[in-house]
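All of the numbers you see were taken from the coordinates with simple rules; none came from a lab. Source: prediction; values computed, not measured. So basically every Cβ, Gly included, is an ideal-geometry build from the backbone, and we count neighbours across all protein chains shown.
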Amino acid sequence: MKIVLKNENKLKYFLFPFISIYFYLFPFISAYSQSDSLMYYLEVAAKNNPTVLQRYFEYEAALQKVLQVGSLPDPELNVGVFLQPMELIAGNQVADMRLMQMFPWFGVLKNAKDEMSLMAKAKYELFRDAKLQAFYDIQRTWYELYKTGQDIHVSEKNIQILRTVERLSLVRFRTASAGGGGASSSSSSMS
């Protein structure tokens, strides 16, 4: 029996950090999963903003060019067939085949690949800039709406306070008028 209890205690001590982390992070996880949270709107904007999508596809296209520039040009094969054999000193020529491969100077492919890599990096920075600009616009609008909501909440509280003051004033006025002015005569006799 005691061995079972020790294992249960070990299990409790083992699970305690995980359970406490879960309950600590639960409000953040639930806030993120809400469809009316700022993080949700930022995620939707990143996926659906046309400028951000355009810049991202430009970046992907630039990455594809890096691979193309770093390779040798395609070999060229030219084939020609003569309808009538050409008479040459070495004999009749019926067809002409030429295979050509161009080799650039040493270092040209590496430099071209480096240049395209830098251009792809520039496209990535343009993509990041567009994404951050969209995030900025959304956050600015979000916080303006939040401020407006808080202003409305404060105004509603002020209206409640003013209604309470109005009711108290009416009650005080009614009690003063119901007393028949006795309160005003007693205050004047004390002076």
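Out of the range 48-65, which residues are closer than 12 Å to Ala134 by Cα and surrounded by fewer than 17 Cβ atoms within 10 Å (Cβ to Cβ)?
Selection gives Asn48, Pro50, Thr51, Leu53.
Taking into account only those residues within the range 111-128 that are touching a residue at least 12 places away in the same chain (Cβ under 8 Å) and among the basic types (Lys, Arg), which is nearest to Phe82 (Cα to Cα)?
Checking each candidate, the answer is Lys113.
Mind telling me which of the residues Asp114, Asp96, Asp74 ends up being of a type in the set (Asp, Glu) and touching a strand residue (DSSP E or B) at 6+ places or on another chain (Cβ under 8 Å)?
Asp96
Quick one: count up the residues across the range 123-178 that are among the β-branched types (Val, Ile, Thr) and in contact with an Asp or Glu (Cβ under 8 Å, 6 or more places away or on another chain).
Residues of the range 123-178 among the β-branched types (Val, Ile, Thr): 138, 141, 148, 152, 154, 159, 161, 164-165, 171, 175.
Going one step further and asking which of them are in contact with an Asp or Glu (Cβ under 8 Å, 6 or more places away or on another chain), we end up with none.
Count: 0.
All but one of (1) farther than 30 Å from Tyr136 by Cβ; (2) surrounded by 14 or more Cβ atoms within 10 Å (Cβ to Cβ); (3) among the small types (Gly, Ala, Ser) hold for Ala45, so report the exception by its number.
(1)
Which of the residues that make up the range 130-164 are surrounded by 13 or more Cβ atoms within 10 Å (Cβ to Cβ) and not aliphatic (A, V, I, L, M)?
Taking the range 130-164 first, the residues surrounded by 13 or more Cβ atoms within 10 Å (Cβ to Cβ) are 130-131, 133-135, 138-139, 142.
Correct list: Lys131, Gln133, Phe135, Gln139, Trp142.
Just the residues that are within 24 Å of Lys110 (Cβ to Cβ) and part of a strand (DSSP E or B), please, taken from the range 42-94.
Glu76
Tell me the residue from Gly107, Gly70, Gly91 that is surrounded by 10 or more Cβ atoms within 10 Å (Cβ to Cβ) and not aromatic (Phe, Trp, Tyr), please.
Details: Gly107 fails: surrounded by 10 or more Cβ atoms within 10 Å (Cβ to Cβ); Gly91 fails: surrounded by 10 or more Cβ atoms within 10 Å (Cβ to Cβ).
The conditions single out Gly70.
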